[in-house]
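One structure is given here, and the rest of the page talks about it.
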Amino acid sequence: MEKTTRFFRDNGLTIALMAAFFLCLMGMLWSGWLEENSMLLEHTQPPIGLVDYFFSASFQSALFENWESEFLQMSAYVIMTAMLFQRGSSESKDPDKANPEDEDPNGKRRNKQAPWPVKAGGLWSLLYSYSLGIVLLLLFVASFVLHWLQSAAAAGEDAVMHGRAAQAPLEYLLDPQLWFESFQNWQSEFLSTAVLVVLSIILRHRGSPESKAVADPHSKTGH
């Protein structure tokens, strides 16, 4: 019982976020399915089942369209905060001080508790040093490719339904619709991140690691 309680305490944030993700995904699936069948009926087409809709190009396109923007935001945020500063923000490193996250990992190779890539040194240590940004960037690229391919398939199905010729995936890569779908999400991600960075200068949320301590001066940078 104690181990179970400790597990939920130590992993509560991830569990809560994944539960919220699953509930929202189910809501997206259910509402999208109803909307899709409504559209099919308008075109005198038979309705499709929920599982078929989940694997359909229209749902997969919408799903990866959103994942793509989130991974872009996270990868850009990790990479940009390593190089750029915002004085007074809890989301920024202090531009006037040495920051522990900037330390050369080679000085920790003899630390028994260091991750194995650090102890291995060389290329392993270099890759591990930037692994968070690299993996998030790769997840963005993968999501963008899946969004592009599924969106091309969905556009092709819509074209056939309306008696038009479907575009090949490479042709669709130059279609304004694909980039409209992407940019409409990208702009909101960068805006929301910039708002968080700026608002954390003057506003607080007690107990959150994303906020400075309530009594800290506005001029203090970092947590």
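Quick notes on this structure:
- Test for residue 85: is it assigned by TED's automatic domain parsing to the domain that holds residue 146, of a type in the set (Phe, Trp, Tyr) and within 20 Å of the chain's Cα centre (by Cα): no
- Residue 208 being touching a helix residue (DSSP H, G or I) at 6+ places or on another chain (Cβ under 8 Å) and among the polar types (S, T, N, Q): no
- Qualifying residue in region 29-45 (condition: more than 19 Å from the chain's Cα centre (by Cα), surrounded by 11 or more Cβ atoms within 10 Å (Cβ to Cβ) and not in a helix (DSSP H, G or I)): yes
- Residue match in region 140-153 (condition: modelled with pLDDT of 95 or more, within 24 Å of residue 86 (Cβ to Cβ) and not basic (Lys, Arg)): yes
- Matching residues, region 178-193, being surrounded by 14 or more Cβ atoms within 10 Å (Cβ to Cβ) and closer than 12 Å to residue 151 by Cβ: 178, 181, 182
- Taking every residue in region 170-192 that is farther than 14 Å from residue 64 by Cα and pairing it with any residue that is surrounded by 12 or more Cβ atoms within 10 Å (Cβ to Cβ) and charged (D, E, K, R), at least 6 positions away or on another chain, the pairs with Cβ-Cβ distances below 8 Å are 189/70.
- Residue identified as of a type in the set (D, E, K, R) and closer than 30 Å to residue 89 by Cα among 164, 204: 204
- Residue pairs meeting the criteria (Cβ under 9 Å; at least 6 apart or on separate chains; first touching a residue at least 60 places away in the same chain (Cβ under 8 Å), in region 108-124; second surrounded by 14 or more Cβ atoms within 10 Å (Cβ to Cβ) and part of a helix (DSSP H, G or I)): none
- Test result for residue 61, exposed (fewer than 12 other Cβ atoms within 10 Å of the Cβ) and within 24 Å of residue 183 (Cα to Cα): no
- Test: residue in region 158-170 that is among the small types (Gly, Ala, Ser) and in contact with a Gly (Cβ under 6 Å, 6 or more places away or on another chain): yes
The values are calculated or read from the model by the stated rules, or taken from the named source; none is laboratory data. Quick caveat: nothing in here was measured; it's all calculated off a predicted structure. All Cβ positions, glycine included, derive from the backbone under ideal geometry; neighbour counts span all protein chains shown.
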